[in-house]
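*Asks:* Right, I'll just put the structure down here and ask away after.
The values are calculated or read from the model by the stated rules, or taken from the named source; none is laboratory data. Predicted, not measured: the structure shown is a model, and the values here were computed from it. Here the Cβ positions follow ideal geometry from the backbone for every residue, glycine too, while neighbour counts run over all protein chains shown. When the accessible area is computed, the model is the full protein with side chains, heavy atoms only, and any ligands, DNA or RNA have been set aside. Shrake-Rupley method; radii C 1.70, N 1.55, O 1.52, S 1.80 Å.
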Amino acid sequence: MASLYTEIDINAPKQRVWQILFQKDKWKYWNTFLFDCDSDVQFQQGQEVYLSLRRLPDEEETEFEPLITRVQPNVCLSWVSSIPGFRNEYVFELQEIGVGRTKYVHKTSYSGVLTRVFLPFIREDEQRGIKRMARELKRYVERS
């Protein structure tokens, strides 16, 4: 299984970071990687949501409908998105690393027979995108 990973320390309590990460309808104010396409549908375990992503700031958005697989408030949000032969899982974790400090962890895992076909084309841009999102989350949380 192939995977991507990034982490960043944020000077704010886990609850504050979670509040901003979990409100997908507010992503437009800080997130240039992931976008909410249907603000009427909230993150709820077992629910499909309609999102899009932009790996590079100047590229077209790619729409997808992941299934929310885990919602653990103030700790973890994850989803799975797949097409025949290609599956990816996004995991967002928050870890308390001190008083008023949080480590934000973003992991993306890929599996399926088409991973060898798709991943070489998206790996580098996807890694840049998840790092950009981590920096933007940090900046937004620490300023608000």
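*Asks:* Pairs please, first residue from the stretch 120-142 and among the acidic types (Asp, Glu), second anywhere and in a helix (DSSP H, G or I), Cβ atoms under 9 Å, 6+ apart in sequence or on different chains.
*Replies:* Final answer for the pair search is Glu126/Leu119.
*Asks:* For the condition of a type in the set (Val, Ile, Thr), under 20 Å from Arg143 (Cβ atoms), at pLDDT 95 or above and surrounded by fewer than 17 Cβ atoms within 10 Å (Cβ to Cβ), what is the one hit in Thr32, Thr102? Even if it seems obvious, please write down each step before you answer.
*Replies:* Values: Thr102 fails: surrounded by fewer than 17 Cβ atoms within 10 Å (Cβ to Cβ).
Answer to the check: Thr32.
*Asks:* What number of residues within the stretch 83-99 are surrounded by fewer than 15 Cβ atoms within 10 Å (Cβ to Cβ) and within 19 Å of Glu65 (Cα to Cα)?
*Replies:* 3
*Asks:* What tally of residues in the stretch 12-29 results from selecting those that are under 24 Å from Gln127 (Cβ atoms) and either open to solvent by 40 Å² or more (accessible area, probe 1.4 Å) or in a loop (DSSP other than H, G, I, E, B) (or both)?
*Replies:* 3
*Asks:* Can you tell which of Val80, Val41 is within 17 Å of the chain's Cα centre (by Cα), assigned to a loop (DSSP other than H, G, I, E, B) and free of Cβ contacts under 8 Å to residues at least 40 places away in the same chain? Explain how you work it out, then say what you get.
*Replies:* Values: Val80 fails: assigned to a loop (DSSP other than H, G, I, E, B).
Of the residues listed, the single one that is within 17 Å of the chain's Cα centre (by Cα), assigned to a loop (DSSP other than H, G, I, E, B) and free of Cβ contacts under 8 Å to residues at least 40 places away in the same chain is Val41.
*Asks:* Here is a follow-up. Identify the residue in the stretch 1-14 that is under 17 Å from the mean Cα position of the chain (by Cα) and not charged (D, E, K, R) and, among all such residues, is farthest from Arg135 (Cα to Cα).
*Replies:* Of the residues in the stretch 1-14, the ones under 17 Å from the mean Cα position of the chain (by Cα) are 2-10, 14.
Still in the list and also not charged (D, E, K, R): 2-6, 8, 10.
On the way: Ala2: 23, Ser3: 19, Leu4: 16, Tyr5: 13, Thr6: 10, Ile8: 7, Ile10: 9 Å.
Per the stated criteria, the residue is Ala2.
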